[in-house]
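> Shown below is the structure under consideration.
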Amino acid sequence: MRLWLLIAIMAIWPGSLLATELHSAALGNIFIRGETPSFTLQAKAESGYWRAHDFFGNEVGTGRFTLTGGTAEFRTQISGLGYFKLDVYLDRDTAPALQTALAILSPPQPPSRNSPFGVMTHFAKDWPTDIIPLIGKAGIGRIRDEQPWRKVEKDPGQYRFPPQLSGYVDALTAAKIDPLIELVFSNPLYDNDKTPFDESGRAAYAAYASAVAERYRGQVSSFEIWNEYNGSFCEGPCRADRPAYYTAMLKQAYRALKAANPSLIVAGGASVYFPQDYFDGLFRQGALEAMDAFVIHPYRKIPEGVEEKIADLRQMMQRHGAVKPIWATEFGDTADMRKNRDNAASYLVRMSTLLLAGGCERIYWYLLKDYQEFAGMGLLLSESDPAGRYVATPAYAAYAALIRELDGAHFIRREPSDPELRIYLFAKGQREIRVAWSTQGVKAYELHGQAALQKIDMMGNVKTVSPQGGSIQLTLDSNPIYLSTVN
């Protein structure tokens, strides 16, 4: 069995320099229910013990081990699902010598045909592709990445796709993960390396888009025209009238992509936040005629309220004669990227629920792993994190549980309740699933009915709750739970 190096912390012992290392049998310390998490420890010690705590702070397991020749193997007997902190102590030390984490997930189900759940990656920026199995392991069926124009066309009219770009698409295809490809950004061959602003620049951009579509025919079925055009990624003359310049580029690229393959899905808008003036300008320019889906990046500190912004956007589209599907191709909380990882998990579930309730057809969490200045946003730690390569965060386990519950479900309504409670009803086959949480501390919630329900916590652990006197009494806080009817 291949062992993945998780931690290598150097400790100086008399007369030698010894690395204390912990190896795991699973990449990222991510295990499937039924597998017993196993580890191999190398250290200058005679004995030690491990201790594990779940996401909610409860101690869920501990055990001792003896090192022989500086090596010990141990298994963590942990019941339950989700994210777990793992501390390893040596000899009589009272402080842990090693700290990492692990995740135990339900077996992933194949994504539904129209699964909304995705995640942002940066394989085009040289991310290693060995992380790809961890996408599917969480049940995520889609990613968003790019094929940068300047890397594809280095000589006018000559389109090349180096292994850095084609290799990750091939790897995703093999893993049955559907890529949404951004067509970005400027090219030094055209318009002085500014955002395309004249006819020749727009024609060159459209030709590049067509070349990418032809190269990945059968592998890529959806493309996104630019990224955050109303934000940081618009340079040069286009800044004078972003809606007009973007729409002109969009229309030309849309025609080129549809000529290359009429079945392609073209996502347009390239918006970040909810810029009403920008939306109105796009729609007045006729942008809705040249897209199959409208893109938003609804970054915000507090998830609640995003559904109202989406409703406003849909009404605006309706006034302009065409309501397009809405794709949130990035979402997350950039206001506090180094926030408590536990809070990030709650944020992800609440925001995902609200986006789905708002009618978003696809949602892509930003980001798959910690990366550069976006440390703290990843579902996984980076490949060089001291805790280990791609070690899971609470958000990874929470996303896996969310997907398991809501993939294939459709939104019904927000249930009447105390205004400080959020109760969202979904249907999945014969099941009714409610996602419930409190926005203001701990609150009581009463659900009337005669049937028992499954109460599923944010990490995926299931408990049956039965009514007493015709109702089920529950306590809610900021960590959402799922309440599912029993088939």
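> Got at least one residue in the stretch 380-396 being over 30 Å from residue 19 (Cβ atoms), β-branched (Val, Ile, Thr), at pLDDT 95 or above and buried (at least 17 other Cβ atoms within 10 Å of the Cβ)?
no
> Quick check on this structure: which one of 425, 421, 483 is within 21 Å of residue 355 (Cβ to Cβ), open to solvent by less than 70 Å² (accessible area, probe 1.4 Å), touching an Asp or Glu at 6+ places or on another chain (Cβ under 6 Å) and of a type in the set (A, V, I, L, M, F, W, C)?
Unique residue meeting the criteria: 425.
> All but one of (1) within 19 Å of the chain's Cα centre (by Cα); (2) open to solvent by less than 10 Å² (accessible area, probe 1.4 Å) hold for residue 84; which doesn't?
Only one criterion in (1) within 19 Å of the chain's Cα centre (by Cα); (2) open to solvent by less than 10 Å² (accessible area, probe 1.4 Å) is unmet by residue 84, namely (1).
> If you don't mind, there's one more thing I want to ask. Could you grab me the full set of residues in the stretch 397-418 that are acidic (Asp, Glu) and surrounded by fewer than 17 Cβ atoms within 10 Å (Cβ to Cβ)?
Answer for the stretch 397-418, where residues must be acidic (Asp, Glu) and surrounded by fewer than 17 Cβ atoms within 10 Å (Cβ to Cβ): 415, 418.
> So if I check each of 391, 435, 442, which one is over 20 Å from residue 116 (Cα atoms) and in contact (Cβ under 8 Å) with a residue 60 or more places away in the chain?
Result: 391 is the single residue among 391, 435, 442 that is over 20 Å from residue 116 (Cα atoms) and in contact (Cβ under 8 Å) with a residue 60 or more places away in the chain.
> What is the residue count in the stretch 307-363 for residues that are small (Gly, Ala, Ser), open to solvent by less than 20 Å² (accessible area, probe 1.4 Å) and farther than 29 Å from residue 284 by Cα?
5
> Output the residues belonging to the stretch 297-325 that are hydrophobic (A, V, I, L, M, F, W, C) and farther than 14 Å from residue 352 by Cβ.
Passing the criteria: 302, 311, 313, 316, 317, 322, 323.
Yes or no, residue by residue, for (1) farther than 12 Å from residue 291 by Cα; (2) not hydroxyl-bearing (Ser, Thr, Tyr):
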| position | (1), (2) |
| --- | --- |
| 224 | no, yes |
| 229 | yes, no |
| 236 | yes, yes |
| 239 | yes, yes |
| 254 | no, no |
| 260 | yes, yes |
| 264 | no, yes |
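> Within the stretch 252-288, track down each residue that is among the β-branched types (Val, Ile, Thr) and within 19 Å of residue 179 (Cα to Cα).
Residues satisfying the conditions are 265, 266.
> Taking residue 17 and the conditions (1) modelled with pLDDT of 95 or more; (2) among the hydrophobic types (A, V, I, L, M, F, W, C); (3) farther than 23 Å from residue 381 by Cα, which numbered condition does it fall short on, given that it satisfies the others?
(1)
> From 175, 206, grab the single residue that is of a type in the set (A, V, I, L, M, F, W, C) and under 30 Å from residue 134 (Cβ atoms).
Step by step, each of 175, 206 is checked, and only 175 is of a type in the set (A, V, I, L, M, F, W, C) and under 30 Å from residue 134 (Cβ atoms).
> Kindly check whether there is at least one residue in the stretch 235-255 that is in contact (Cβ under 8 Å) with a residue 40 or more places away in the chain, open to solvent by 50 Å² or more (accessible area, probe 1.4 Å) and either in contact with a strand residue (DSSP E or B) (Cβ under 7 Å, 6 or more places away or on another chain) or hydrophobic (A, V, I, L, M, F, W, C) (or both).
There is no residue in the stretch 235-255 that is in contact (Cβ under 8 Å) with a residue 40 or more places away in the chain, open to solvent by 50 Å² or more (accessible area, probe 1.4 Å) and either in contact with a strand residue (DSSP E or B) (Cβ under 7 Å, 6 or more places away or on another chain) or hydrophobic (A, V, I, L, M, F, W, C) (or both).
The values are calculated or read from the model by the stated rules, or taken from the named source; none is laboratory data. Source: prediction; values computed, not measured. Backbone-built Cβ (ideal geometry, glycine too); neighbour counts: all protein chains shown. Just so you know, the surface numbers come from the protein's heavy atoms only, side chains and all, with ligands and any DNA or RNA stripped out. Shrake-Rupley method; radii C 1.70, N 1.55, O 1.52, S 1.80 Å.
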